[in-house]
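Q: Structure provided below as structure tokens; questions to follow.
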Amino acid sequence: MRIPKLLLALMLAVLAALFATQASAQGLTVQIVNGVPSAIPITVVPLGQQGSGPASPVDVAQIVSMDLDRCGKFRTLPTSEIVQSPTTGAQIKFATWQQLKQQYIVVGTTSYDGGVLKADYQLWDVAKQQMLLQNTVARQGSDLRRVAHEIADQIYQKIIGVRGAFDTRIAYVTMVGLGDNAQYALVVADSDGYNPQTVVRSHEALLSPTWSPDGTELAYVSFEGGNSAIYIQNIATGARRLVSSRPGINGAPRFSPDGKKLAVSLSFQGNPEIYVMDLATGALTRLTHNLAIDTEPSWTPDGQNIIFTSDRSGKPQLYEIPAGGGSPQRITFQGQYNADVAVDYDGKKLAMVQGNGNVYRIAVMDRSTGGQEIFVSPGNLDDSPSWAPNASMLLYAATEGPRGVLYSVSADGRVRQRLVLSDGDVREPAWGPYRNP
Amino acid sequence: MNATVRVSVVALLCLAAAACAKKQEVKSTPPPEAPTATAPATTEGAFTPADLQSNACLRTRVIYFDFDKSEIQSQFNDIVACHAKYLRDRPMARMTIEGNTDERGTREYNLGLGERRGNALASALEAAGASASQIKVVSYGEERPVCREHNEGCWHQNRRDNIVYTAE
């Protein structure tokens, strides 16, 4: 019974390796899982072509629509129901769009000259027949899709009143193959999973990637040296440095909001404890002192406190401690198992892995409403929550059959989108900060 | 399709050979799951490296744990005893204990749990006379499952310490 299993595993590894050479390395496929009928109806009309140059290589209107759909706050009109194609405000026949019960409409044109994609667009309120926004966005080279993400961000901000987070990046870990043939990669991609770029590859496990606040570096854990070690790597240049390879566990790195410190979990003094490392000097400040597992530190946005996982009460729960040292306070009391906190930008919402029996789901606790909790994922083996920088959405990892997949989910849990690797596991998502222009 | 299959089989053989070659330098082949009849080894002569291959108890290099637990179960006492005796008899021998968990829960917490399991075995070996300088503990958490299904039968196989001799 054991031998056929082993053979099967090897066969799968071989097949995975074969496919890996054919399919684009770490491309993710995107599928919307469900929608919200009450979301704001908006039409993004396919953009017209400006001038006589080549057509745009990317479908800007489609990318804008997909962005708006997956955040859960909008519901775009399917292309098949877009019966007219105005490209300027003057061409909009408002009666048509009122009949289609649309609240907003986006029209515009693109040009593609000398590798530069330029989009001129307008956002109109259908009922008021009033223009809300008019702008031009241009990008070149490998950044063409960013034109659409920026437009989506501007529309989001105009209507919702909060900065959009579509023009951002995500990091995740892929695993192809099994056992001794496993190949891990740390990948950075656009927030919708497009434009994957491998940052580092390894034959040993990679985990816990986390972004520097300026978006230029990733800290992560690698087992490439036979034990866990923490590295910081520049995404653009690939340059990296080893920041901790002490005996025992070197895990769970998280940058402080000012980027000058790294909170980590290290066990070289006996068992996993929370430390803060000064990145300029390498000096360590130890924050916790007990025989429990203390790990997964995460900073509050003001940099004053650190929330971490500890099993000092028996099972893992979340605790909060001043970043300069002090007495930890337990902050989670619902659920048997609470771990791996993700703190949103204003510190009000804590996403965590909550386990009850054999079911592990992503729970969001709202500290501004006395700690009310909602589940935003169905389980059973969901982990690694990560907030978008505007807290409109979360990323998390799930297990479906034999494979790991990622989901993005709206903060209210109502719209989910699956990001699937063509060949293997995808896991450990981390949503990056806002991008600088 | 036929060509693909043939390529797969050839690649499979290569991989299998490579895997075995790699395994020999890093770690020994996985032992059977449960301890077989244990030899009452302690009263006889000193162990030699040959016993690592021939002695049924020494050939057992894995012990298993209950969910979320790191206590050594009494059914593994004989295995602890024979490996401790080997380390006592062979002061130059070195061992790495690899602590592992099942997939439930978070990866970083499971690193801690795997280390706790590794430390539990290290402490038991030291209590039985092995020297702390002979033993190194590495936690892989949930990163090195031997079984990838999502059920208790599989999880049980993954909640384990692997014993790897790095010097015999």
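The values are calculated or read from the model by the stated rules, or taken from the named source; none is laboratory data. Keep in mind that what you see is a predicted model, and the values were worked out from it rather than measured. Methodologically, a virtual Cβ is constructed for each residue, glycine included, from the backbone with ideal geometry; neighbour enumeration extends over all protein chains shown.
Q: Hey, any hits in region A:167-185 for a residue that's more than 14 Å from every other protein chain (Cβ to nearest Cβ) and without any contact (Cβ under 8 Å) to a residue 40 or more places away in the chain?
A: So far as region A:167-185 goes, no, none of its residues is more than 14 Å from every other protein chain (Cβ to nearest Cβ) and without any contact (Cβ under 8 Å) to a residue 40 or more places away in the chain.
Q: Right, next: Among the residues that make up region B:77-95, is at least one of them within 20 Å of B:C147 (Cβ to Cβ), among the hydroxyl-bearing types (S, T, Y) and buried (at least 24 other Cβ atoms within 10 Å of the Cβ)?
A: Within region B:77-95, the subset within 20 Å of B:C147 (Cβ to Cβ) is none.
No: region B:77-95 contains no residue that is within 20 Å of B:C147 (Cβ to Cβ), among the hydroxyl-bearing types (S, T, Y) and buried (at least 24 other Cβ atoms within 10 Å of the Cβ).
Q: Residues in region A:378-418 that are of a type in the set (A, V, I, L, M), part of a strand (DSSP E or B) and crowded, with 23+ Cβ neighbours inside 10 Å: how many? Please lay out each step first, then the result.
A: Step one: filter region A:378-418 for residues of a type in the set (A, V, I, L, M), giving A:381, A:388, A:391, A:393-395, A:397-398, A:405-406, A:409, A:411, A:415.
Okay, now just the ones that are also part of a strand (DSSP E or B), so A:381, A:393-395, A:397-398, A:405-406, A:409.
When the remaining residues are screened for being crowded, with 23+ Cβ neighbours inside 10 Å, the result is A:393-395, A:397-398, A:406, A:409.
Total meeting the criteria: 7.
Q: Can you list residue pairs whose Cβ atoms sit under 7 Å apart, with the first residue in region A:316-337 being without any contact (Cβ under 8 Å) to a residue 60 or more places away in the chain and the second being of a type in the set (D, E)? Count only pairs 6 or more apart in sequence or on different chains.
A: Between residues of region A:316-337 that are without any contact (Cβ under 8 Å) to a residue 60 or more places away in the chain and residues that are of a type in the set (D, E), the close pairs are A:P328/A:E320; A:Q329/A:E320; A:I331/A:E320; A:Q334/A:E373.
Q: Turning to a different aspect of this structure: Which condition number in (1) modelled with pLDDT under 95; (2) within 20 Å of the chain's Cα centre (by Cα) is the one that A:A182 fails?
A: A:A182 satisfies all of (1) modelled with pLDDT under 95; (2) within 20 Å of the chain's Cα centre (by Cα) except (2).
Q: Among the strands (runs of 3 or more DSSP E) confined wholly to region B:87-168, which include 1 or more residues that are closer than 15 Å to B:S70 by Cα and within 12 Å of chain A (Cβ to nearest Cβ)?
A: On the way: elements: B:94-100, B:135-141, B:160-167.
In region B:87-168, the matching strands (runs of 3 or more DSSP E) lie at B:94-100, B:135-141.
Q: Can you find a residue in region B:108-121 that is aromatic (F, W, Y) and surrounded by fewer than 17 Cβ atoms within 10 Å (Cβ to Cβ)? Reasoning before the result, please.
A: To start, the set of residues in region B:108-121 that are aromatic (F, W, Y) comprises B:109.
Applying the additional criterion that residues be surrounded by fewer than 17 Cβ atoms within 10 Å (Cβ to Cβ) yields none.
The answer is no; no qualifying residue exists.
Q: Testing A:A171 on (1) in contact with a Ser or Thr (Cβ under 9 Å, 6 or more places away or on another chain); (2) outside any strand (DSSP E or B); (3) aliphatic (A, V, I, L, M), one condition comes back false. Which one is that?
A: Every condition holds for A:A171 apart from (2).
Q: Residue by residue through region A:274-314, note down the ones that are free of Cβ contacts under 8 Å to residues at least 24 places away in the same chain, at the interface with chain B (Cβ under 10 Å from one of its Cβ atoms), surrounded by 15 or more Cβ atoms within 10 Å (Cβ to Cβ) and not aliphatic (A, V, I, L, M).
A: Matches in region A:274-314: A:S310, A:D311.
A quick yes/no check of all residues on (1) touching a residue at least 60 places away in the same chain (Cβ under 8 Å); (2) surrounded by fewer than 16 Cβ atoms within 10 Å (Cβ to Cβ); (3) more than 14 Å from chain B (Cβ to nearest Cβ); (4) under 28 Å from A:E273 (Cβ atoms):
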residue	(1), (2), (3), (4)
A:A189	yes, no, yes, no
A:P196	yes, no, yes, no
A:Y220	no, no, no, yes
A:F223	no, no, no, yes
A:N227	no, no, no, yes
A:Y231	no, no, yes, yes
A:T237	no, yes, yes, no
A:F255	no, no, yes, yes
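Q: Shifting gears a bit: Taking the condition of being within 19 Å of the chain's Cα centre (by Cα) and either modelled with pLDDT under 95 or assigned to a strand (DSSP E or B) (or both), how many residues in region A:121-161 meet it?
A: 1
Q: If you go through region A:424-433 one residue at a time, do you hit one that is assigned to a loop (DSSP other than H, G, I, E, B), under 28 Å from A:T216 (Cα atoms) and within 14 Å of chain B (Cβ to nearest Cβ)? Please lay out each step first, then the result.
A: The first filter runs over region A:424-433 and keeps only residues assigned to a loop (DSSP other than H, G, I, E, B), leaving A:424.
Then drop every residue that is not under 28 Å from A:T216 (Cα atoms), which leaves A:424.
Subsequent filtering for residues that are within 14 Å of chain B (Cβ to nearest Cβ) retains A:424.
Scanning region A:424-433, I find at least one residue that is assigned to a loop (DSSP other than H, G, I, E, B), under 28 Å from A:T216 (Cα atoms) and within 14 Å of chain B (Cβ to nearest Cβ), so the answer is yes.
Q: Keeping to region B:45-84, report how many residues are within 23 Å of B:R159 (Cα to Cα) and part of a loop (DSSP other than H, G, I, E, B). Explain how you work it out, then say what you get.
A: Our first condition is that a residue be within 23 Å of B:R159 (Cα to Cα); within region B:45-84, this holds for B:56-84.
Filter again for part of a loop (DSSP other than H, G, I, E, B), leaving B:60-61, B:65-73.
Qualifying residue count, region B:45-84: 11.
Q: Mind listing whichever residues of region A:342-365 are small (G, A, S), more than 10 Å from every other protein chain (Cβ to nearest Cβ) and in a strand (DSSP E or B)?
A: A:A342, A:A351, A:A363 - these are the residues of region A:342-365 that are small (G, A, S), more than 10 Å from every other protein chain (Cβ to nearest Cβ) and in a strand (DSSP E or B).
Q: If I go through region B:125-136 residue by residue, how many of them are within 15 Å of the chain's Cα centre (by Cα) and surrounded by fewer than 24 Cβ atoms within 10 Å (Cβ to Cβ)? Outline the logic, then answer.
A: The initial filter retains those residues of region B:125-136 that are within 15 Å of the chain's Cα centre (by Cα), namely B:125, B:135-136.
With the extra rule that they be surrounded by fewer than 24 Cβ atoms within 10 Å (Cβ to Cβ), the set shrinks to B:135-136.
Number of matching residues: 2.
Q: Let me ask something else about it. Just to be sure, is B:R61 crowded, with 16+ Cβ neighbours inside 10 Å, in contact with a strand residue (DSSP E or B) (Cβ under 7 Å, 6 or more places away or on another chain) and closer than 30 Å to A:T210 by Cβ?
A: Against the criterion (crowded, with 16+ Cβ neighbours inside 10 Å, in contact with a strand residue (DSSP E or B) (Cβ under 7 Å, 6 or more places away or on another chain) and closer than 30 Å to A:T210 by Cβ), B:R61 does not qualify.
Q: Could we say that A:G259 is more than 14 Å from chain B (Cβ to nearest Cβ) and surrounded by fewer than 23 Cβ atoms within 10 Å (Cβ to Cβ) here?
A: yes
Q: I'd like to check something: does region A:91-108 contain any residue that is of a type in the set (F, W, Y), modelled with pLDDT of 95 or more, assigned by TED's automatic domain parsing to the domain that holds A:Y156 and not in a strand (DSSP E or B)? It would help to see each step written out before you state the result.
A: First, pick out the residues of region A:91-108 that are of a type in the set (F, W, Y): A:94, A:97, A:104.
From what is left, the residues that are modelled with pLDDT of 95 or more are A:94, A:97, A:104.
Checking which are assigned by TED's automatic domain parsing to the domain that holds A:Y156 leaves us with A:94, A:97, A:104.
Adding the requirement that they be not in a strand (DSSP E or B) leaves A:94, A:97.
Yes; the residues of region A:91-108 include at least one that is of a type in the set (F, W, Y), modelled with pLDDT of 95 or more, assigned by TED's automatic domain parsing to the domain that holds A:Y156 and not in a strand (DSSP E or B).
Q: Considering region A:317-341 alone, what residues qualify as being out of contact with any Lys or Arg (no Cβ under 9 Å at 6 or more places or on another chain), farther than 14 Å from A:E373 by Cα and either assigned to a strand (DSSP E or B) or within 12 Å of another protein chain (Cβ to nearest Cβ) (or both)?
A: A:I321, A:P322, A:Q329, A:A339
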